[in-house]
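Read-outs throughout are calculated quantities, based only on the coordinates presented, and are distinct from any laboratory measurement. What you see is a predicted model; the values in this text were computed from it and never measured.
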Amino acid sequence: MVPGRFTHCGTQMNLFSALALHSPHAHLVLKGELDAFSAIRLQDRLDEAVSSGCFSFDVDLDAVSFVDAGGLSLLVRLRNSVMPHGGAVSVVAASGRFRKVARIAGLGHAFDLHLLPDDSAAPRLESVG
């Protein structure tokens with residue numbers, strides 16, 4: 001895994017990424033805020049992975065706390081770059097926030113979010129006062 005934390009204009013972005021490459025497969029884990037600025041930094045790493053022959057991406061977005069159009073665009077570009085090679089981008093886990101934004105943008109089916117377990121079925125921890 002190659003972890004990455006991004007900076008922009010001297011401030012640290014709140015996105016952690018880990019990318020494991022096992023050509024033709026790759027596993028990407030994102031935690032934190034997937035916004036336009038962090039997407040720009042991550043794009044080069046994903047382009048390099050595709051150039052090295054990784055066309056099947058499993059993406060774990062379970063710990064994504066924020067996503068904007070730039071973050072969604074990053075994933076759409078990745079999907080579009082691997083599809084001509086018979087590849088796919090499979091979201092294997094997604095936070096409720098990511099699911100909501102992707103569905104509002106009309107991308108729920110593009111990322112197969114309907115195949116993920118319903119996060120309302122997950123057990124919830126309650127604090128005991």
Express the relative contact order of the range 2-118 as a whole percentage, based on alpha carbon pairs under 8 Å and six or more residues apart in sequence.
-> 22 percent
Once you wrap a convex hull around the alpha carbon atoms of the range 2-118, what is its projected area averaged over all directions, in nm²?
-> 6.6 nm²
